Amino acid sequence: MNGETATTLVLLLACLVALVLVLLARREAAVARTRASQDVEAIRAEAQSLLADAQRREERSIERERELKAERGEVRALNEVAEQRLAQAQDQRAAAARAAGVAQAEGAERLAAISGMTADEARAHQLKLAAEQVSNDAAARVRRAEAAARRTAEARARSIVATAVQRVAAATSSQAVVTVVPLPAEDMKGRIIGKEGRNIRTFEAITGVNVIIDDTPEAITLSCFDAERREVAVVAMEALIADGRIHPQRIELAYAEALAGAGERAVAAGHEAAERAGVSGLHPEVVATLGRLRLRTSYGQTVLAHLVESAQIAAGMAAELGADVEAARRGAFLHDVGKAMTSELGGTHALVGADLLRRCGESSAVVNAVASHHDEVPKETLEAVLVQAADACSAARPGARREELDQYIDRMDTLEALVTAHAGVRRAVAMSAGREVRVVVEPDQVDDAAMAGLAEAIARHIEKDLSFPGEIAVTVVRELRATATAG
């Protein structure tokens, strides 16, 4: 009995467990169905939302398409209106052009009737007036441009020239026709005079130089206008004084030796000048030719000293401008070498000197600078311009040159006559020792626009026909006066 009861209890327990498991399974299934139905509902709601969005977008697209169609219609309407207005404007323009043509023709006819000129004559008159206006404007612009360039260029040029000239310490002109020879003792004067004056007479006859013996202590003076004769006489006299034996035969021998040594003295002078100028590598023929210039003068200025001074000035200006210093120095030192040969060869000293330098192997830049320093050939380099400027600076500086009164008066008269030969010139006055010329013109023949051209023409004429040191400034003056009397 107890066994059956236990079995029955086990079965009951088993049934209860099974019932609980079934209930649990049903509960889980119900929960799963609930969750699944919730997920389905959520998916269905999301799908409906997406479908609603798609419908709204489709509706907006349809509305936008209708708006675009309406806008296209408006644009086509506006284009049609614009084309119509453009056509009307073209018609109006054509009508206005026709009316303007008619009005212009009527105006031309009225103008011709009033002025007495045809249309072609009026057009020619207008062109003439326009040409005159353009010419006056061009002349005014040229004057303004020249003034502006002059203001800047003159300041720079003065600075460069002043810097170059200040470096040169040169003596003033010292040309003279006498040379003083020092004596070692006062009794040497009697030996020079000789017995009854035979020594001094022999010396003067052979050399062609006057011997002046006065009260000057321990010195005699040799006087002669010929510089070469005076130099030979000085050398001969110094040799006689050094030897102490002075008689006619010894005088003849000393003169012959002095005359024979002229070539050596020329070469020595050429080498010395080249060394002072800082120029090296010269051809021997060029050195000898330069040495002959030691006795040549121009307006009282020794030509060889002028060449040394010009070389130093040109080198200074070239250094300031950044040009070729050696080419400028060499060209300036050699620019007047032809002056020693002009008596032997025809032509100007610039061209003769250029031919000599070309034969002696000088560079083309130096040859051109020498040939063009008086504007006889065109300048090809900046150094050629500097050579001409250095030549003018050396010749025109205060104390460099001097000339006789008659020569000065002749030069002033020639300058004034050359200027007054131009048409429209009433009077010309040379001023500042010939460095400036004032030109007074007739106001009814030369107007304001033509004054600059006249000044330029006079300057070019002076450069061509007149030889002068330095520069000459040309100033044209036009004065118009009106006078009335009140009674």
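Observations, loosely collected:
- Between Leu454, Leu382, Leu418, Leu405, the distinction of being at negative phi and at pLDDT below 80 belongs to Leu405 only.
- Hey, Arg460 within 31 Å of the chain's Cα centre (by Cα), outside any loop (DSSP other than H, G, I, E, B) and free of Cβ contacts under 8 Å to residues at least 24 places away in the same chain or not: yes
- Among the residues of the stretch 219-254, those identified as surrounded by 21 or more Cβ atoms within 10 Å (Cβ to Cβ) and part of a strand (DSSP E or B) are Ile220, Leu222.
- Every residue from the stretch 318-348 that is more than 18 Å from Glu376 (Cα to Cα), outside any loop (DSSP other than H, G, I, E, B) and modelled with pLDDT under 85: Glu320, Leu321, Ala340
- Selection status of Gly197, more than 58 Å from the chain's Cα centre (by Cα), at pLDDT 85 or above and over 30 Å from Ile313 (Cα atoms): yes
- Per-region count, the stretch 106-146, residues at pLDDT below 75 and small (Gly, Ala, Ser): 8
- In the condition set (1) under 23 Å from Met188 (Cβ atoms); (2) at pLDDT 85 or above, Gly244 is compliant with all but (2).
- The single condition from (1) closer than 30 Å to Glu362 by Cα; (2) in contact (Cβ under 8 Å) with a residue 24 or more places away in the chain; (3) hydroxyl-bearing (Ser, Thr, Tyr) that Thr221 fails is (1).
For every residue, the table says whether it meets (1) at pLDDT below 85; (2) closer than 27 Å to Asp137 by Cα.
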position: His422; (1), (2): no, yes
position: Arg427; (1), (2): no, no
position: Asp447; (1), (2): no, yes
position: Ser467; (1), (2): yes, no
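- Residue pairs whose Cβ atoms lie under 7 Å apart, separated by 6 or more positions or on different chains, with the first residue in the stretch 46-69 and in contact (Cβ under 8 Å) with a residue 40 or more places away in the chain and the second of a type outside the set (Ser, Thr, Tyr) and outside any helix (DSSP H, G or I), do not occur.
The values are calculated or read from the model by the stated rules, or taken from the named source; none is laboratory data. As the structure is a computational prediction, the values presented were derived from the model and not from experiment. Quick reminder, even Gly has a Cβ in these numbers, built from the backbone with ideal geometry, and neighbours come from all protein chains shown.
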